[in-house]
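Enquirer: Please find one structure pasted underneath; my questions will follow.
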Amino acid sequence: MGLTVVIAASEAAPFAKTGGLADVAGSLPVALKHLGCRVLLFMPYYRDVAEKGFEVEPTGLEVPVNMGRRTVRAEVLLGHLHGVPVYFIKRDEFFDRTYLYGTPEGDYFDNLERYAFFSRAVLEIIKLRDLKPDIIHCNDWQTGLIPAYLNDIYRGDPAFEKTATVFTIHNIAYQGQFPANLYDTTGLGFYLFNPEALEFWGNINLLKSGIVFSEALTTVSEAYSKEIQTPDYGYGLEGILKKRKADLFGILNGVDYTEWDPETDSTLPHNYSAEDLKGKAACRKKLLKAFGLKLKIKTPLIGMITRLADQKGIDILAEAMPELMKMELAIAILGSGDRRYQELLADLASHYPGRLSVRIAFNSHLSHLMEAGADMFLMPSRYEPCGLNQIYSLKYGTVPIVRATGGLDDTVKDCSEEGGTGFKFKEYSADALVEKVAEALQVFNNKKAWTEIQMRGMKESFSWNDAAKKYMDVYKAAKARLHKS
Ligand code: ADP
C-alpha cells in the first residue's frame with residue numbers, strides 16, 4: 001500500500017489561483033496519485049471556487065474549530081481533481097471574498113485568523129475522517145501553523161501517530177507575520193512564542209513555524225534552496241534555514257503539459273509544434289490584435305505575464321524602458337497586483353503608444369495566447385523561487401530573457417553556452433537588462449540561429465512525474481526523521 005499524503009494549500013488550480021503555488025497544488029497531487037499514493041487535497045472554499053461553478057458535493061460534515069477565544073464551525077465540501085478528492089473548507093465569513101489574500105491596497109486584516117482556522121480545520125477533518133496520513137504536505141505561510149499544532153495540541157494523538165510533515169517554501173518573502181498581541185488566535189501554548197519557534201523580531205511568523213516544526217523542508221528549485229540560506233535572499237530566515245540545511249531539498253516544479261503544450265492547447269487559434277512552427281504566426285497575429293499593436297514581421301514582440309510585485313523586476317524594466325524603446329521591438333505586458341506598479345505601467349504605456357501595451361488583469365486565456373504569440377518572454381526578476389512562465393515559454397518556442405536567479409537560472413541556458421535555450425543576465429540592473437535584450441535582438445535577426453534556439457527549448461521537458469518522484473523521496477526522509485525523534 002502506498003503512502004497516504006494530505007496536501008494542504010491555500011490555492012490550487014483550477015479552483016483558485018494567484019500564482020505558481022496554485023499550479024503546484026493542482027498538479028502534484030495528481031502526479032503522486034499516478035505513483036501509487038493515496039492523496040487528498042485540502043483548500044479553502046473561496047468565492048471564486050463557488051462562482052466558477054465547480055462540481056462540489058456537501059458532505060454533511062461540520063467540524064468545530066477552536067480559535068483561542070471562540071469556536072468556529074467549518075463546513076466541508078467535497079470536489080475532485082482528476083480522481084483526487086478535494087476537501088473544501090467552507091466558512092463564508094473568511095473565504096467568501098473578492099480576493100484570496102487581500103485587495104490591491106493591502107492584505108486582509110484578519111489573515112492570521114483565516115489561515116489559523118484553515119490549518120486547524122484540516123487537522124480536525126483528518127481526525128474525524130480517520131485518514132491517518134503518513135505525510136501532511138504544507139505549503140507556504142498559510143499552512144505554517146499545521147506542523148506547530150501537531151507538535152503542541154495534537155502531540156500524542158493516535159490520529160497522527162505516524163504523520164510526518166513536509167513544508168514547501170514557494171516564496172520566502174511572504175512569511176505571514178502578525179503582531180504578537182494576536183497570538184491568542186493561534187490557540188497555541190505561549191511557550192512557543194520564542195525565537196526558537198514562532199517569534200520573529202517580536203512578531204508571530206507563520207512561515208518560520210512551518211520551517212521549525214516540519215520533519216522535512218523543500219523549496220521549488222535547487223538554486224533557490226541555496227539562495228535562501230544567504231542574507232540577500234533569506235529575508236531574515238537564512239539562519240534558521242542553515243540550521244536545517246540537512247533537511248532542506250530543492251525540487252524544481254514540473255509543468256502540466258496537458259495544459260501547456262502548443263501542439264494541443266485548445267485555447268489557441270492555431271496549434272503548432274517543433275516540427276511545424278507555422279501556427280505560431282497566427283497566434284502572434286491574434287495577440288497583436290488583442291493588445292492593439294501593429295508590427296512589421298521583422299519586429300519582435302516581447303511578452304511578459306506577471307504578478308505586479310517588488311520581486312518581479314518592474315522597477316528595472318521601467319528604468320530600462322527609454323533605452324528599450326529605441327530598439328526595433330514592442331512589448332506586451334499582462335499583469336495584476338500592486339496598485340503602484342499598475343499606475344507605473346499605465347503611465348509608461350501612455351508614453352509609447354503602439355510600442356508598449358499593458359493589460360492590467362488576471363486572464364488565463366490571454367496568458368496562453370501570449371506564450372504562443374510572443375517571440376520572446378521577459379522575466380527580469382529580483383528573485384524567482386522557480387518561475388513557471390519561462391518554462392512554458394520554452395515549450396511554446398518563445399525564447400526567454402531572464403535574470404539568472406533561482407529557478408530561472410536552473411531552467412534557462414544562456415545562448416553563449418553549448419545548447420543555449422535563452423538569454424540570461426546576472427546583475428540586477430536596467431543596464432544589464434538592456435544589454436541582454438540587445439543581444440537577443442541580434443540573434444533574432446539571424447533566422448536560422450533563432451530557430452535552433454527555439455527548437456532546443458521546445459524539446460526540453462520538466463515533467464511532474466520526475467518532480468513527484470523526488471517528493472516521494474523527501475516524504476520517505478521525513479518519515480525516517482519522525483521515527484528517529
Ligand atoms: P509567481 O508564483 O511568483 O506569481 P510563477 O511564474 O511561479 O510566479 O507562476 C505564475 C503563474 O501565474 C503562471 O502560471 C502565470 O501564467 C500565472 N499568472 C501570473 N500573472 C498572471 C496574469 N495576470 N494573468 C494570467 N496568469 C497569470
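Enquirer: Could you point to the residue in 360, 349, 329 farthest towards the positive end of segment 311-367's charge dipole, with +1 and -1 charges on the Cβ of Lys/Arg and Asp/Glu respectively?
Expert: The Cα lying farthest towards the positive end belongs to 360.
Enquirer: Would you mind giving the three semi-axes, in whole Å and largest first, of the ellipsoid equivalent to segment 181-237 according to its Cα gyration tensor? It would help to have the intermediate numbers written out before the result.
Expert: Details: eigenvalues 123, 32, 14 Å².
After scaling each eigenvalue by five and taking roots: 25, 13, 8 Å.
Enquirer: Among 273, 374, 188, pick out the residue whose Cα is farthest towards the positive end of the charge dipole of the chain, where Lys and Arg carry +1 and Asp and Glu carry -1 on C-beta, about the Cα centre.
Expert: Of the candidates, 273 comes out farthest on the positive side.
Enquirer: Continuing with this model, one more query. Cα axis of helix 20-34 to longest principal axis of the chain: angle in degrees, 0 to 90, nearest 10?
Expert: The angle comes out at about 70 degrees.
Enquirer: Just report the Cα centroid separation between segment 31-99 and segment 360-378, whole Å.
Expert: If we compute the Cα centre of each part, the gap is 30 Å.
Enquirer: Just to be sure I follow: if Rg is taken over the C-alpha atoms of segment 36-78 and Rh is the Kirkwood radius over the same atoms, what is Rg/Rh? Intermediate values should be presented prior to the final figure.
Expert: Working: Rg = 13.2 Å, Rh = 12.5 Å.
Here Rg/Rh amounts to 1.05.
Enquirer: Over all alpha-carbon pairs in segment 195-270, figure out the percentage whose distance exceeds 13 Å.
Expert: Numbers: 2029 of 2850 pairs.
Percent of Cα pairs beyond 13 Å in segment 195-270: 71.
Enquirer: Can you run phi through the Karplus equation (6.51, -1.76, 1.60; θ = phi - 60°) for segment 127-133 and list ³J(HN,Hα) in whole Hz, with x for Gly and Pro?
Expert: Residue by residue, segment 127-133 yields 5, 4, 8, 6, 7, 6, x Hz.
Enquirer: Can you pick out the pairs among 395/479; 447/469; 127/470 whose Cα atoms lie more than 31 Å from each other?
Expert: 395/479; 447/469
Enquirer: Could you pull out every one of the lysines with an alpha carbon less than 19 Å from that of residue 476, ignoring same-chain neighbours closer than 8 positions?
Expert: Cα-Cα hits under 19 Å: 33, 132, 162, 245, 484.
Enquirer: Same structure again: Using only the alpha-carbon atoms of segment 279-461, report the extent along each of the three principal axes, biggest first, to the nearest angstrom.
Expert: 41, 33, 31
Enquirer: Could I ask something else about it? Work out the P(r) tail for segment 395-485: percent of alpha carbon pairs separated by more than 15 Å, whole number. Kindly include the intermediate steps, with their values, before the conclusion.
Expert: Details: 2724 of 4095 pairs.
Result for the distance tail: 67 percent.
Enquirer: Can you pull out the trypsin sites (Lys or Arg not before Pro) in segment 1-72 that DSSP calls coil and that have at most 16 other Cβ atoms within 10 Å?
Expert: Numbers: sites: 17, 33, 38, 47, 52, 69, 70; in loops: 17, 52, 69, 70.
Answer by residue number: 52, 69, 70.
Enquirer: Skipping prolines and chain starts, which residues have an amide H placed within reach, meaning under 5 Å, of the one on residue 165, given they are 5 or more residues away or on another chain?
Expert: 136, 215, 216
Enquirer: Any chance you could tell me what percent of the C-alpha pair distances in segment 1-67 go past 20 Å? Please list the in-between numbers first.
Expert: Numbers: 851 of 2211 pairs.
Percentage above 20 Å: 38.
Enquirer: When the C-alpha atoms of the chain are aligned to their principal axes, what extent does each axis show, in angstrom, from largest down?
Expert: Computed over the chain, the largest-to-smallest principal extents equal 67, 43, 41 Å.
Enquirer: Something else: What is the spread of the Cα atoms of segment 331-429 along each of their three principal axes, largest first, in whole Å?
Expert: Principal extents (largest minus smallest coordinate, Cα): 40, 27, 23 Å.
Enquirer: I've got another one for you. Give, in whole angstrom and from largest to smallest, the semi-axes √(5λ) of the equivalent ellipsoid of segment 132-198, with λ running over the eigenvalues of the Cα gyration tensor. If you can, show how the numbers build up before the last one.
Expert: Values: eigenvalues 90, 58, 14 Å².
Each semi-axis is the square root of five times an eigenvalue, giving 21, 17, 9 Å.
Enquirer: Hey, got a sec? Which GluC sites (Glu not before Pro) in segment 178-261 land in a DSSP loop and have at most 13 other Cβ atoms within 10 Å? Spell out each step's value before the answer.
Expert: Working: sites: 196, 199, 215, 222, 227, 238, 259; in loops: 196, 215, 259.
Sparse-neighbourhood loop GluC sites (Glu not before Pro): 196.
Enquirer: While we're here: Average projected area of the Cα convex hull of segment 183-325, in nm²?
Expert: On the way: hull surface 56.8 nm².
Orientation-averaged projected area of the Cα hull: 14.2 nm².
Enquirer: On to the next question. Given Cβ point charges of +1 (Lys, Arg) and -1 (Asp, Glu) and nothing else, what value in debye, to the nearest 20, does the dipole of the chain about its Cα centre take? Walk me through the numbers before you get to the answer.
Expert: Values: 57 positive and 62 negative charges, 122 e Å.
I would put it at about 580 debye.
Enquirer: Percent relative contact order of the chain, based on C-alpha pairs within less than 8 angstrom and at least six residues apart?
Expert: Values: 974 pairs, mean separation 63.3, N = 485.
About 13 percent, as a whole number.
Enquirer: Here is a follow-up. If the chain between residue 161 and residue 469 were fully stretched, how many nm would it gain, using 0.36 nm times the residue separation less the Cα-Cα distance?
Expert: Numbers: separation 308, 0.36 × 308 = 110.88 nm, distance 2.45 nm.
Extra length available between residue 161 and residue 469 comes to 108.4 nm.
Enquirer: Going highest first, how would you order 283-292, 106-115 by mean Cβ packing within 10 Å? Write out the running numbers ahead of the final one.
Expert: Numbers: 283-292: 18.2, 106-115: 16.6.
For the peptides 283-292, 106-115, the packing ranking is 283-292, 106-115.
Enquirer: Oh, and also: Semi-axes of the equivalent ellipsoid of segment 229-312: what are they in whole Å, largest first, if each equals the square root of 5 times a C-alpha gyration tensor eigenvalue? Provide the component values of the computation, followed by the final result.
Expert: Values: eigenvalues 319, 73, 22 Å².
Whole-Å semi-axes of the equivalent ellipsoid: 40, 19, 10.
Enquirer: Considering only protein heavy atoms, what is the solvent-accessible area of residue 82 at a probe of 1.4 Å, reported in Å² to the nearest 10?
Expert: Solvent-accessible area, nearest 10 Å²: 140 Å².
Enquirer: When the helices in the chain are scored as -39500 (n - 2.57) per DSSP H run of 4 or longer and the sum is shared across all residues, what 222 nm value do you end up with, to the nearest 500 deg cm²/dmol?
Expert: On the way: 17 runs with 178 residues, N = 485.
Helix-only estimate at 222 nm: -11000 deg cm²/dmol.
Enquirer: Could you tell me, in Å, what Rg and Dmax come out for the Cα atoms of segment 71-161?
Expert: 14.2, 44
The values are calculated or read from the model by the stated rules, or taken from the named source; none is laboratory data. Everything numeric in this text was worked out from a predicted model, so none of it was measured. Ideal geometry is used to build each Cβ from the backbone, glycine not excepted, and the neighbour counts take in all protein chains shown. Surface areas here come from the heavy atoms of the whole protein model, side chains and all, with no ligands, DNA or RNA. Shrake-Rupley method; radii C 1.70, N 1.55, O 1.52, S 1.80 Å.
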